[in-house]
1. Rounded to whole Hz and in sequence order, give me ³J(HN,Hα) for the stretch 166-171 from the Karplus expression 6.51 cos²θ - 1.76 cosθ + 1.60, θ = phi - 60°, writing x for Gly and Pro.
2. Could you work out how much longer the chain between R96 and Q24 gets when fully extended? Use 0.36 nm per residue separation minus the Cα distance between them, nm to one decimal.
3. Figure the gain on full extension for K66 and E82 (residue separation times 0.36 nm, minus the Cα-Cα span) and round it to one decimal in nm.
4. Tell me, in nm to one decimal, what length is gained between V50 and D125 on full extension, where the rule is 0.36 nm per residue of separation less the Cα-Cα distance?
5. Counting other Cβ atoms within 10 Å of each Cβ, which chymotrypsin sites (Phe, Trp or Tyr not before Pro) in the stretch 77-134 have at most 10 and sit in a DSSP loop?
6. So what is the 222 nm mean residue ellipticity for the chain from helices alone, if each DSSP H run of at least 4 adds -39500 (n - 2.57) and you divide by all residues, rounding to the nearest 500 deg cm²/dmol?
7. Please check which bits of the stretch 99-142 a label hung off T172 would reach, taking the label as a point 7 Å along Cα-to-C-beta and the cut-off as backbone N under 14 Å.
8. Under 15 Å Cα-Cα from K98, which aspartates and glutamates qualify once same-chain neighbours fewer than 8 residues away are excluded?
Amino acid sequence: GEEEYLIGESIALIRNKVLSETAQDFNYDQYFVGDTTIDKVIDSVEMLPVMVEKRLVILRGVEKLKEKDWQALLPLLEDPVESTCFLLVTAKVDKRKKYFKAVQKKGQLVELKRPYENQVAAWIDYIAFQNQLRLGREEQSLLFQLVGVNLSDINSEMKKLKQYVGDRETVTQEDVLQVISRV
């Protein structure tokens, strides 16, 4: 999906589930298509974990992979390495391609879409809670009018609000108008 906030939250949840805090140095790798070779990614996926059960390897920007790169990855998709959690992150998926069919057969495909307008209030509540803030319905509505449905933008503006209000938890309409940028 294209919602970076959801991708970041999902990766953090998976990372915390798969790896302990102390195991992350040796058992976590993240690559971006174009910044590394597929051979390096494959080597990382096939590497045995150090002093833990699993390792985590993330490949981001998968929509930019070339056909030859997919061919090199296909054996890993058809017969995954059991000691590695291998995440492929992409903005777009063509579910008709054999590569994604292999992912669906042996793994899990999760689509992270932007929320619909009627879902944004719940996300504002969640993001406010994550930032130890409380917003009333009027403040949520005002924030939504100014920022829109992009959760990354909402999160950024919420962090600015937290800095502005300091130790205070409750956010007022005046706070929102003073701090929030119109997106």
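1. x, 6, 5, 8, 7, 9
2. The R96-Q24 span can extend by a further 22.5 nm.
3. 3.2 nm
4. 23.1 nm
5. Qualifying residues, ordered by number: Y116.
6. Here the helix-only value at 222 nm equals -15000 deg cm²/dmol.
7. Correct set: 136, 139.
8. E63, E67, D69, E78, D79
The values are calculated or read from the model by the stated rules, or taken from the named source; none is laboratory data. Since the structure is predicted, the reported quantities are computational estimates derived from the model, not experimental observations. Neighbour counts run over all protein chains shown; Cβ positions are idealised from the backbone, glycine included. Protein only, heavy atoms only, side chains kept; ligands, DNA and RNA dropped before computing areas. Shrake-Rupley method; radii C 1.70, N 1.55, O 1.52, S 1.80 Å.
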